[in-house]
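What follows is a short report on a single structure.
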Amino acid sequence: MNAQISQGGIPYSLLKNKHSTDETMRKIASKADIPIITMPSVDNNSLLSKDGSYDNESYNFAKEFDFTINIKESSVVDSISEGFLYRCAIESPTAFSIHLVFSNFHIPIGAKLFLYDESAEQILGAFTSNNNKESSIFAVAPIFGDRIIVEYFEPYYAEFEGAVEVGQVYHGFI
């Protein structure tokens with residue numbers, strides 16, 4: 001079984017609280033201000049076999065959408081003391097889980113990518129420059145639920161501008 005290696009940690013936006021001593025952390029946009037990118041509607045039952053059961057021989061668990069999302073262009077952007085914080089939500093109504101494949105992932109040292117559900121009970125990341133691949137393709141494990149938050153942090157003085165672009169969104173139907 002392969003899994004992406006993460007560095008752990010807590011997304012910057014989840015560190016925000018009223019008692020923060022860092023003024024810029026208190027100014028991070030609320031979750032309500034995060035743009036939501038919504039996938040087309042899917043009928044989960046129609047994705048199952050005709051008798052309503054799941055064919056485990058085919059290993060199908062998700063409907064794939066080829067859907068390009070440039071995270072930096074699609075996000076609310078906050079300037080915090082160390083750099084820029086980009087956040088957007090991806091929603092696939094009725095999904096049991098959402099799985100992303102980044103078609104262009106190349107981030108500088110110091111940058112961090114997190115994915116998490118709305119309640120922040122499931123957090124994947126931090127994914128860092130250690131996850132850069134020659135192919136620039138980067139797949140992450142599914143997150144349960146029909147909406148996930150993608151959070152990308154890039155330091156002010158990074159050696160280059162990071163690329164974080166989703167190429168496929170998978171709507172988990174079982």
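The values are calculated or read from the model by the stated rules, or taken from the named source; none is laboratory data. These numbers come from a predicted model, not from an experiment. Quick reminder, even Gly has a Cβ in these numbers, built from the backbone with ideal geometry, and neighbours come from all protein chains shown. In case anyone asks, the SASA skips ligands and DNA or RNA and just uses the protein heavy atoms, side chains included. Shrake-Rupley method; radii C 1.70, N 1.55, O 1.52, S 1.80 Å.
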Review point. Just one of the numbered conditions (1) open to solvent by less than 50 Å² (accessible area, probe 1.4 Å); (2) part of a loop (DSSP other than H, G, I, E, B); (3) farther than 14 Å from SER13 by Cα is not true of GLN168; which one?
Key: (2)
Review point. What do you reckon, is VAL101 without any contact (Cβ under 8 Å) to a residue 40 or more places away in the chain and part of a strand (DSSP E or B)?
Key: no
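From the list PHE67, PHE84, pick out the single residue that is surrounded by 11 or more Cβ atoms within 10 Å (Cβ to Cβ), under 20 Å from HIS106 (Cβ atoms) and modelled with pLDDT of 95 or more. Please lay out each step first, then the result.
Numbers: PHE67 fails: modelled with pLDDT of 95 or more.
It is PHE84.
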Check your understanding: Any idea how many residues of the stretch 105-120 are open to solvent by 30 Å² or more (accessible area, probe 1.4 Å), at negative phi and in contact with a Phe, Trp or Tyr (Cβ under 9 Å, 6 or more places away or on another chain)?
Key -> 2
Revision key, fill the gap. Restricting attention to the stretch 148-164, the residues that are crowded, with 18+ Cβ neighbours inside 10 Å and either on the phi > 0 side of the Ramachandran plot or in a strand (DSSP E or B) (or both) number exactly 8
Check your understanding: How do the pairs read when you match residues in the stretch 1-22 that are at positive phi with residues anywhere that are modelled with pLDDT under 70 and not in a loop (DSSP other than H, G, I, E, B), using Cβ under 8 Å and keeping only pairs 6 or more apart or on different chains?
Key -> none
Point to revise | Given (1) surrounded by 15 or more Cβ atoms within 10 Å (Cβ to Cβ); (2) among the small types (Gly, Ala, Ser); (3) farther than 22 Å from ASN131 by Cα; (4) at pLDDT 90 or above, number of the condition ALA29 does not satisfy | key: (4)
Check your understanding: Does at least one position in the stretch 125-142 carry a residue that is in a strand (DSSP E or B), at pLDDT 95 or above, touching an Asp or Glu at 6+ places or on another chain (Cβ under 8 Å) and of a type in the set (A, V, I, L, M, F, W, C)?
Key -> no
